[in-house]
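> So that we are looking at the same thing, I have put the structure below in structure tokens.
The values are calculated or read from the model by the stated rules, or taken from the named source; none is laboratory data. Because the structure is predicted, anything quoted here is derived from the model rather than measured. Positions of Cβ are backbone-derived with ideal geometry, glycine not excepted, and every protein chain shown enters the neighbour counts.
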Amino acid sequence: MTFTDTGLVNTILRDITSLGALEIHGLIFLGLLALGRTEVAAQFFVANAICMAVVYAIRLVYFRARPGRVRQKKYRTILHRIDASSFPSIHGYRSALIPVILSQGLPFPAVLLLWVLGFTIAGSRIYLKYHHKTDVLAGFVLGLVVSYLVVFVL
């Protein structure tokens, strides 16, 4: 099997996309606290909370079906409906928080690696057909705006 095999690419990108999951962000937050980087941990937490609130508010009033899926007529709960909506991408905003907030005080190679990781997480959502391009772009821009504001305010 080579890297160009679709199955291997899909497997790698599924692993990369999981780095934008809530559980990973929780571990990052706890890791920052364990390392004594409480200010960065606070920024990371606040930016995540603000972005999540904005995404949920948008998804409450606007629904967009994920690529290749049809909107159901009824959902069991409002949370199922919010989760089924594609716009804006939660992984999109989280992929922007990683380089903006975590790169503070790091040397350039580490900053560059975090940006590559952020763009790769965002791109994986499109490649794996979990989101439309505009979903990820909107989420990424939201994450950029909120995280830069949080870094400058906190």
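> Is there a residue in segment 75-86 that is among the β-branched types (Val, Ile, Thr), more than 22 Å from ILE24 (Cα to Cα) and modelled with pLDDT under 95?
Scanning segment 75-86, I find at least one residue that is among the β-branched types (Val, Ile, Thr), more than 22 Å from ILE24 (Cα to Cα) and modelled with pLDDT under 95, so the answer is yes.
> In addition: If the Cβ limit is 6 Å and pairs must be 6+ apart or interchain, which residue in segment 113-132 that is within 14 Å of ARG14 (Cα to Cα) pairs with which residue that is charged (D, E, K, R) and in a helix (DSSP H, G or I)?
Cβ pairs passing all conditions: ILE126/LYS133; HIS131/ARG125.
> Then there's this: Mind checking which residues of segment 114-141 are within 20 Å of ILE28 (Cα to Cα), of a type outside the set (S, T, N, Q) and touching a Ser or Thr at 6+ places or on another chain (Cβ under 9 Å)?
LEU114, TRP115, LEU117, GLY118, PHE119, ILE121, ALA122, GLY139, PHE140
> Just checking, which of LYS133, LYS129 is touching a helix residue (DSSP H, G or I) at 6+ places or on another chain (Cβ under 8 Å), among the basic types (Lys, Arg) and surrounded by fewer than 22 Cβ atoms within 10 Å (Cβ to Cβ)?
Values: LYS129 fails: touching a helix residue (DSSP H, G or I) at 6+ places or on another chain (Cβ under 8 Å).
Answer to the selection: LYS133.
> In addition: Any residue in segment 98-107 that is surrounded by 15 or more Cβ atoms within 10 Å (Cβ to Cβ) and touching a His at 6+ places or on another chain (Cβ under 9 Å)?
Scanning segment 98-107 turns up at least one residue that is surrounded by 15 or more Cβ atoms within 10 Å (Cβ to Cβ) and touching a His at 6+ places or on another chain (Cβ under 9 Å).
> Among the residues of segment 91-128, write down those that are under 16 Å from GLY143 (Cβ atoms) and part of a loop (DSSP other than H, G, I, E, B).
Result: SER103, GLN104.
> Right, another one. Condition test on GLY36, is it surrounded by fewer than 12 Cβ atoms within 10 Å (Cβ to Cβ) and modelled with pLDDT of 95 or more?
Against the criterion (surrounded by fewer than 12 Cβ atoms within 10 Å (Cβ to Cβ) and modelled with pLDDT of 95 or more), GLY36 qualifies.
> What are the residues in segment 54-87 that are touching a residue at least 40 places away in the same chain (Cβ under 8 Å) and farther than 21 Å from VAL146 by Cα, if any? Even if it seems obvious, please write down each step before you answer.
Taking segment 54-87 and keeping what is touching a residue at least 40 places away in the same chain (Cβ under 8 Å), we get 54-55, 64, 66-68, 86-87.
Matches in segment 54-87: ARG64, ARG66, PRO67, GLY68.
> Quick check on my filter: what residues within segment 5-26 are modelled with pLDDT of 95 or more and either in contact with a Lys or Arg (Cβ under 7 Å, 6 or more places away or on another chain) or aromatic (Phe, Trp, Tyr) (or both)?
Within segment 5-26, just HIS25 meets the criteria.
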